[in-house]
């Protein structure tokens, strides 16, 4: 019974069209894990394992459904003034569908972050324009991951899957006649051709339980580049004076997710206290900045008799001389703790905390570009409660987890080498407040609810 | 069934709590840092009274070479060169919004007052290149004339009293001062010393004074020379070569302290290439002395012989006033004062009425 269901669910997801990605890197995924400083590769479970460690999906023994919401508000400032960086907010959720194949436990998982402001945002700014590179645009994404995990031995779980993104290719063709003097008499035809092409990137993880108290984990997340290719072709007649042809092609990498590798562990420090640690290596050195490569051809021959004195013919914009963005690989340490403060027959209560330090990977912006970033210290707290068999209406385990995190990006000053820079020196600092909750319903085993005998 | 219904209810409640009706517009680009010198965009037709981007024009007086001074309550004073009576003099005008200037061609029947005329032996027949500096006791106006750079002072900004001798004249021993010094611009260092940039030949030099009257050169070399031409093959497709390879002049200086605490000397200037095309450039340096570094891109370039920049820095935004050609038709083109604005993404409200007084 379980096998066809798992395969069916997996098949639906793995063959689906497009999806986007990846705010969990910055804001966490699931309130329990976020509250523990994201130091959970060896300790995650449930739907959050779809991001933190696919192998941990196999720890679930029954169907789990989770849904939650979080909102991360930014207070990012340059020269002491707020830059109005958009909040990242939306639904986090997912499911875990466990089963057995040849008596080997396995599970299928699906994780989703669904932002409620925008599914995706495309933004290719001039490289000179200051922007909070890691917070402004690249987190305005939908995240969808599908994974399979297996537990060949009671002490070993292995999992892998795919996350999905979409790159964009678009073309705009306009042709006809434009009447500059009487715009209403213009006759223009336009065609739009846009494709959202699926981009998939892999993730895989392993979890080893060394004992009942100690577990280790390793996770790999692949790299992806979200391309944005846009083209425009305009041709036609201008007020009977002359003709015009304008071809524009742009290419940019609108979103780049570096590959990551995580090593982590969890250790039961006391009967009800678990400590966790993760070290995440992020391959920022491969980063491709979201600057558009512009290729333009403009052909407007002068009318017979030359251009009137009052008209200056337009000129094609110059190609962009892209300045490379130098970034450095970073290892981000995460620390977490979970204390089961309350343990009764029907209720468990948890207190959680965590800390992580993310040193900025971006070199000081002393030149033309202004990819602004600062070191980030994140402190997290959380509470959780799990209720068992409360009612016959919902006789499953019901867990409610809350998290609150505070990220501080201490002030630092960017000093320009060239005094004639248009942006000049600036100070920058930031603060991020992230609040959220997750609700999980966990059933005992596939198709059976808690309290009912199979 | 009831269990599924309960699950569905929980889900619906969470979704309802989390979903807004529509997504918000993306931001993240408010209050971005800038040094306040552009790039500028010329004013749009609905941002001026008259023909955009011109804010002060007269086909007889032919106003040019603006100098700008901020006055209280958002008012702007311009001192410009004009020849209302056939002789180049300096007149004053005023706008309450930086755009509708008293006595412009659209402000019928009003004539900007003449505040300075050539009447000293060393001045010759014409005055040029004014630069206005706010002083504790009024306004100090530097200007150029045939025999060098002079200065005049006023307590009300209208009636000026001149120093009888020029404050700076050409150094005949200088290798680069091939013409009489002109186009003065003055700023005051935090310790009260005066600094002047001036033009001569095809370059810009610098001099210093403790009283604003007696200036001495800071060195034998100019602080800004014309740019070197682009090396063959170094330009990308459609990339423009340097715009100021033949001449730099008309400096307009301003001083600020950067957020990192560095003294920042900003200079807008006119750059010209070998073909005579002009554009407004930006050069600057950190600290009190040394050559100016240039910005490769012009801050204002419209292909209309724009020159003689004057900067009005109003905090989050800046006005740039320049002289440029106003083409009326095939036969009539004259020079007038145009305005540009930065940041370019901001659209200005409709201009206010012309003021009653200059």
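Is the shape of segment A:264-419 best called rounded, prolate or oblate, per the rule: a/c under 1.5 gives rounded, else a/b larger than b/c gives prolate, else oblate, with a ≥ b ≥ c the square roots of the Cα gyration tensor eigenvalues? Cα axes put segment A:264-419 in the prolate bin. From the C-alpha coordinates alone, can you work out the Kirkwood hydrodynamic radius of segment B:233-303, in Å? After inverting the mean inverse Cα-Cα distance, the result is 13.2 Å.
The Cα atoms of segment A:50-98 cover 52, 18, 8 Å along the three principal axes, with the biggest extent listed first.
Using C-alpha pairs under 8 Å with a sequence gap of at least 6, the mean separation divided by the residue count of segment A:257-379 gives a relative contact order of 24 percent. Sorted fewest first by neighbouring Cβ atoms within 10 angstrom, B:87, A:271, B:42, B:305 come out as A:271, B:87, B:305, B:42.
Counting, for every residue in A:111-117, the Cβ atoms of other protein chains within 10 Å of its Cβ and taking the mean gives 3.
So what's Rg/Rh here for chain B, counting alpha carbon atoms and using the Kirkwood radius for Rh?
On the way: Rg = 24.4 Å, Rh = 21.9 Å.
A ratio of 1.11.
Each 5 Å bin from 0 upward holds the following percent of the Cα-Cα pairs of segment A:326-413: 3, 12, 16, 14, 12, 10, 8, 8, 6, 5, 4, 2, 1, 0. Which length gain, in nm to one decimal place, applies between residue B:231 and residue B:159 when the Cα-Cα distance is subtracted from 0.36 nm times their residue separation? Taking 0.36 nm per residue and subtracting the Cα distance, the gain is 20.8 nm. Sorted from longest to shortest, the spans of the Cα atoms of the protein assembly as shown along the three principal axes equal 113, 64, 53 Å.
Exposure proxy for B:203, A:266: other Cβ atoms within 10 Å of each Cβ, ordered fewest to most, give B:203, A:266. Sorted ascending by nearby beta carbons within 10 Å, beginning with the fewest, B:221, B:156 become B:156, B:221.
Each part reduced to its alpha carbon centroid, segment B:331-358 and segment B:32-58 end up 6 Å apart. When the Cα centres of segment B:123-161 and segment A:339-367 are compared, how far apart do they sit, in Å? Segment B:123-161 and segment A:339-367 have Cα centres spaced 66 Å from each other. Between residue A:411 and residue A:304, the FRET efficiency from the beta-carbon distance, with R0 = 56 Å, is close to 0.35. Based on Cα contacts under 8 Å between residues 6+ apart, segment B:181-326 shows a relative contact order of 16 percent.
Coordinate-derived values only; no laboratory data. Bear in mind the structure is a predicted one, so any value in this text is a computation, not a measurement. Cβ atoms come from the backbone with ideal geometry, glycine included; neighbour counts cover every protein chain shown.
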